[in-house]
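**Student:** Before anything else, here's the structure in question.
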Amino acid sequence: MRIGVLASGRGSNLQALIEAWKLGELNGELVAVGSDHEEAQALKRAVEAGIPHGAFPLSRFSSRQEQEKAILTWLREQKVELLALAGFMRVLSKEFLQDIQIPVLNIHPSLLPSFQGLHAQRQALDYGVKISGCTVHFVDEGLDSGPIIAQEAVLVLPGDTEDSLSARILEAEHRLYPEVVGWVAGGRIKRNGRIVVKI
Ligand code: GRF
């Protein structure tokens, strides 16, 4: 399956996907990496891995709608069949998600539905939970609200800071995301409304 990734920044989850792909563990190939930031480290990682890449900064478009249209057209040109968001800092519109007609996945650094949105790790610390983690889910038009595919729990330790908890969750993200992308690309996921099962 032809897999595309959208990332806005650092791209460490993209890197985990690249490594899994190189080990033949993705049930597909990475064929496109797009970003809304020209300087994103994710794009540099794509260059190093020899993956076609595209930058779509908002400044180059007259509206967010035009920006999304350009991203969609480009993903179609690359014949992407599965799209994985990896730190893509924009909520995709309902129209984009309807038009794309392929599964769209996201990874989020909390056990959803707790702590949606930005700074999920800080929200978890501020709330005082003792277990957090990461979630891979299908993307719908809401914020981190789509059907959950898989989660990995991570302990919150006494004395944790936002940085230390984020780093521990990130290790789990790097295990979980490539695994789940591989399941979806390999046709091992069945979805019935919100309920998602691995077969
Ligand atoms: C990750 O924590 C991911 O869960 C969230 O954004 C962060 C992206 O990190 N959606 P990176 O760019 O993959 O390093």
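The numbers here are math on the coordinates, done by the rules we state, and not lab data. What you are looking at is a predicted structure, and each value in this text was computed from that prediction instead of being measured. Every residue, glycine among them, receives a Cβ derived from its backbone with ideal geometry; neighbour counts consider all protein chains shown.
**Student:** Please get the size of the charge dipole for the chain, origin at its Cα centre, with Cβ charges of +1 on Lys and Arg and -1 on Asp and Glu, quoted in debye to the nearest 20.
**Tutor:** 440
**Student:** Can you tell me how much longer the chain between Ala70 and Arg90 gets when fully stretched, taken as 0.36 nm per residue apart minus their C-alpha distance, in nm with one decimal?
**Tutor:** Result: 5.7 nm gained on full extension.
**Student:** From the phi of every residue in the range 23-30, what ³J(HN,Hα) in whole Hz does the Karplus formula 6.51 cos²θ - 1.76 cosθ + 1.60 yield, where θ is phi - 60° and glycine or proline is x?
**Tutor:** So the J values, rounded to whole Hz, are 8, x, 9, 9, 6, x, 10, 7.
**Student:** Roughly how many nanometres apart are two label points built 7 Å out from the Cα toward the Cβ at Arg175 and Leu118?
**Tutor:** 3.0
**Student:** To continue, here is another question. Where does each of Val91, Val139 land when they are ranked from fewest to most other beta-carbon atoms within 10 angstrom?
**Tutor:** Val91, Val139
**Student:** In µm²/s, what is D for the chain at 20 °C and 1.002 mPa s, where D = kT/(6 pi eta Rh) by Stokes-Einstein and Rh is the Kirkwood radius from Cα pairs?
**Tutor:** Once the numbers are plugged in, D ends up at 126 µm²/s.
**Student:** In addition: Quickly estimate the mean residue ellipticity at 222 nm for the chain, helices only: each DSSP H run with n ≥ 4 gives -39500 (n - 2.57), and the total goes over all residues, rounded to 500.
**Tutor:** My calculation for the chain gives -11500 deg cm²/dmol from helical runs alone.
**Student:** Against the longest principal axis of the chain, how steep is helix 12-22, in degrees 0 to 90 to the nearest 10, with axes from Cα atoms?
**Tutor:** Once rounded, the angle reads 70 degrees.
**Student:** For the modelled label position 7 Å from the Cα of Ile199 along Cα-to-Cβ, which residues of the range 95-110 have backbone nitrogen atoms closer than 18 Å?
**Tutor:** What the label zone holds, given the 18 Å backbone N cut-off, is 103.
**Student:** To check you understand DSSP bridge types, tell me what percent of the beta bridges within the chain (both residues inside) are antiparallel, rounded to 5.
**Tutor:** Once the DSSP bridges in the chain are tallied, antiparallel ones form about 50 percent.
**Student:** For a quick check: sort His174, His137, His119 by the number of other beta carbons within 10 angstrom, fewest at the front.
**Tutor:** Fewest-to-most ranking of His174, His137, His119: His119, His174, His137.
**Student:** Computed FRET efficiency, Cβ-Cβ of Ile131 and Lys190, R0 30 Å: what is it to the nearest 0.05?
**Tutor:** The pair Ile131/Lys190 has a calculated efficiency of 0.65.
**Student:** Let me ask you something else. Under a cut-off of 28 Å between alpha-carbon atoms, report the lysines in cross-link reach of Lys22, not counting same-chain residues fewer than 8 places apart.
**Tutor:** Within the straight-line limit of under 28 Å, Lys22 reaches these lysines: Lys44, Lys79, Lys190, Lys198.
**Student:** Extending each Cα 7 Å along its Cβ direction at Glu162 and Glu19, get the distance between those two points in nm, one decimal.
**Tutor:** According to this spin-label approximation, the distance is 2.6 nm.
**Student:** Using alpha-carbon positions, what is the distance between the centroids of the range 90-162 and the range 13-72, in Å?
**Tutor:** After rounding, the separation between the Cα centres reads 20 Å.
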